[in-house]
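The values are calculated or read from the model by the stated rules, or taken from the named source; none is laboratory data. As the structure is a computational prediction, the values presented were derived from the model and not from experiment. Note that we place each Cβ from the backbone using ideal geometry, even for glycine, and neighbour counts take in every protein chain shown. Accessible surface is based on the protein model in full, side chains and every heavy atom, while ligands, DNA and RNA are left aside. Shrake-Rupley method; radii C 1.70, N 1.55, O 1.52, S 1.80 Å.
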Amino acid sequence: VLDTSGSMSGEPIAKVKQAMRKALLAMNPDDTLQIVQFNSGLQVFPTQPMPNTRENIERALSYINGINAGGGTEMLPAINTALTAPQDPKRLRIVCLMTDGKIGNEREIFAAIQQHAWTARVFSFGVGSSVNRYLVTQAARLGRGDVQIIRYDEPTEEAVERFYDRIARPYLTDIEIDWGSLAVRDLYP
């Protein structure tokens, strides 16, 4: 999920493109990809997730090269599009949110992520010198993912490598808890 609003012009969009190139080239052979781009409107490339093939990666890289920043910031439709697409039961959906986070409707974004938290993991990449850290951190927490901040003065590759290290080795999987007769009201994480 890629923020291409006006606040991403210049260095932020350059950093995002760099991170996306690195991420695409590091995908696993069985992965699929889709780019959901938002500003005042919404664009999805391609219309359905496509498999990781050399031809599709080249298509995605070409698409990324043509991205420009401009317009407003309507993040909610992009988040909903990424989280409500038909689920492949054989896969865990990973949603990478790349943004500077300059929006005003954090609560709606958080509610959408929380509503679909069991269908995907949300990993946030905060990009720029004045990232809305509250938004990117809370989105990752609610989406059971992680957050990376990509500043102008640091190599983009390191943040992408940390992301891949994190998703390659989950700490725990398929956990089951038998609470017995204990009445459980709140659970975190």
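Details
- Label separation (V184 vs T84): 2.9 nm, computed from points 7 Å beyond Cα along the C-beta direction.
- In this structure the amide hydrogen of R121, modeled in the peptide plane, comes within under 5 Å of the amide hydrogens of R93, I94, V95, none closer than 5 places in sequence on its chain.
- With contributions of -39500 (n - 2.57) from each DSSP H run of at least four residues, the per-residue ellipticity at 222 nm computed over the chain stands at -11500 deg cm²/dmol.
- Segment 103-189 - percent of accessible surface contributed by carbon and sulfur, probe 1.4 Å: 49
- Relative to the 2.2 N^0.38 Å rule of thumb, segment 104-189 has a C-alpha radius of gyration ratio of 1.31.
- The chymotrypsin sites (Phe, Trp or Tyr not before Pro) of segment 92-166 that meet both conditions, a loop assignment by DSSP and at most 11 other Cβ atoms within 10 Å of the site Cβ, are W118.
- Solvent exposure of segment 113-189 amounts to 68 Å² per residue of accessible area, where only protein heavy atoms count and the probe is 1.4 Å.
- DSSP-loop trypsin sites (Lys or Arg not before Pro) across segment 94-145, with at most 14 other Cβ within 10 angstrom: R144
- Near the amide H of D31, within less than 5 Å, lie the amide hydrogens of N52, all on another chain or at least 5 residues away, with H placed in the peptide plane.
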